[in-house]
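The structure appears right after this line, and notes come after that.
The values are calculated or read from the model by the stated rules, or taken from the named source; none is laboratory data. All figures in this text were calculated on a predicted structure; none of them were measured in a lab. All Cβ positions, glycine included, derive from the backbone under ideal geometry; neighbour counts span all protein chains shown.
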Amino acid sequence: MAVQRALVCLAALAMLFQLAMAANHTVGAPGGGWDTSTDLQAWAVSQTFSVGDNLIFKYTTNHDVLEVTKANYDSCGTSNPRKTHTGGNTVIPLSTPGKRYFICGSRTLWPRNED
């Protein structure tokens, strides 16, 4: 029984440690944001992302955050997003490893968009 309690305690501590290690990444910060004045490619390369972290998008309410496929990202295609986020403050948990792609559906932010 004591061993079982110790294992449960260790498991709980491991989960707390994992939560404590999670980071919040405000897109474009410091000094930038989810806009055309920020070099978001350079920002992304400068970050270290881990499962459990969060991406935080702050933007004006006339914009949005679309999660798209790589093909849609490369072409700025907005017609079939995987997910659409609105409201000006979006938190996206990074719950699995791998690359994810985000664009804004506003034609003023992505002038190449031809959808």
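When restricted to residues that are surrounded by 15 or more Cβ atoms within 10 Å (Cβ to Cβ), under 17 Å from residue 34 (Cα atoms) and either touching a residue at least 60 places away in the same chain (Cβ under 8 Å) or of a type outside the set (Val, Ile, Thr) (or both), segment 67-87 contains 4.
Checked against the criteria, residue 29 counts as part of a loop (DSSP other than H, G, I, E, B), hydrophobic (A, V, I, L, M, F, W, C) and modelled with pLDDT under 95. Would you check if residue 63 is modelled with pLDDT of 95 or more, surrounded by 12 or more Cβ atoms within 10 Å (Cβ to Cβ) and of a type outside the set (Lys, Arg)? Considered against the rule, which asks whether it is modelled with pLDDT of 95 or more, surrounded by 12 or more Cβ atoms within 10 Å (Cβ to Cβ) and of a type outside the set (Lys, Arg), residue 63 comes out as no.
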